[in-house]
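What follows is a set of notes on a single structure, which appears directly below.
Readers should treat all values here as calculations from the given coordinates under stated rules, not as data from a laboratory. Computed from a predicted model, the values in this text were never measured in an experiment. Quick reminder, even Gly has a Cβ in these numbers, built from the backbone with ideal geometry, and neighbours come from all protein chains shown.
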Amino acid sequence: MKRWYVVRTHLRDEAKALHHLRRQEFTAYLPRHLKRRSHARRIDWVPVPLFPGYMFVEMDITTDRWRAIHSTIGVSHLICNGDAPVPLPQGIIEEMQAREDDKGMIPLHKARPFKVGDKVQVMSGALCDQIGLFQSISDDERIIILLNVLGREVKVRLAVEAVAAVA
């Protein structure tokens with residue numbers, strides 16, 4: 001019976017491992033998402049692995065030549081328990097594939113909790129009870145707000161949970 005297994009890849013070699021596993025006629029899956037990249041005053045979105053250093057392969061360990069995966073270009077090893085690969089619980093890969101958009105990317109970004117310019121209040125930490133203006137949300141799901149500190153506007157990055165809307 002075919003099951004999905006986890007493959008550990010070499011550093012930033014997921015695409016190479018995917019290519020070589022498919023060349024060997026394995027069914028391999030590399031879930032990806034779009035990540036914001038800023039370089040030289042330009043911001044763009046690039047596809048990156050959802051789980052850096054890992055990918056998935058579907059096989060039947062009783063009939064497929066799965067040991068060949070260990071020597072595949074770009075692959076470090078299969079995740080095993082003892083001598084046998086550990087299968088993933090049923091339905092996990094299918095659930096990820098069902099979430100893909102039309103470009104094959106898994107969307108991660110949630111709707112913005114606030115609009116630009118909304119008044120927000122810091123609810124915890126050293127800046128507790130300070131009132132600021134919402135600016136944006138970063139890649140790592142942190143909120144950027146403008147606070148008036150000693151007469152100057154300062155950008156502050158905070159966890160989403162640390163900020164609440166001001167009524």
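Quick notes on this structure:
- C-alpha long axis of helix 14-23 to longest principal axis of the chain, angle in °: 30
- Neighbourhood net charge (15 Å Cβ-Cβ; Lys/Arg +1, Asp/Glu -1) for I61: 0
- Charge-dipole axis of the chain as Lys and Arg at +1 and Asp and Glu at -1 on Cβ define it, positive-most pick from W4, I145, C128: I145
- Around the amide H of H10, modelled in the peptide plane, lie the amide H atoms of V75, S76, all under 5 Å away and 5 or more residues distant in sequence or on another chain.
- Shown is the FRET efficiency for E153 and A15, computed with R0 = 45 Å from the Cβ-Cβ distance and rounded to the nearest 0.05: 0.60.
- Residue among H39, H77, H20 with the largest mean-square fluctuation in a Gaussian network model of the chain, springs linking Cα atoms under 10 Å: H39
- Karplus-derived 3J(HN,Hα) values for the range 142-148, using 6.51 cos²θ - 1.76 cosθ + 1.60 with θ = phi - 60°, are 10, 8, 10, 10, 9, 10, 8 Hz; glycine and proline are entered as x.
- Kirkwood Rh and Cα Rg combined as Rg over Rh, evaluated for the range 119-165: 0.93
- Computed [θ] at 222 nm, helices only, for the chain once each DSSP H run of length n ≥ 4 contributes -39500 (n - 2.57): -3000 deg cm²/dmol
- In order through the range 121-128: 3J(HN,Hα) via Karplus (6.51 cos²θ - 1.76 cosθ + 1.60), integer Hz, x for Gly, Pro: 10, 6, 9, 8, x, 5, 9, 3
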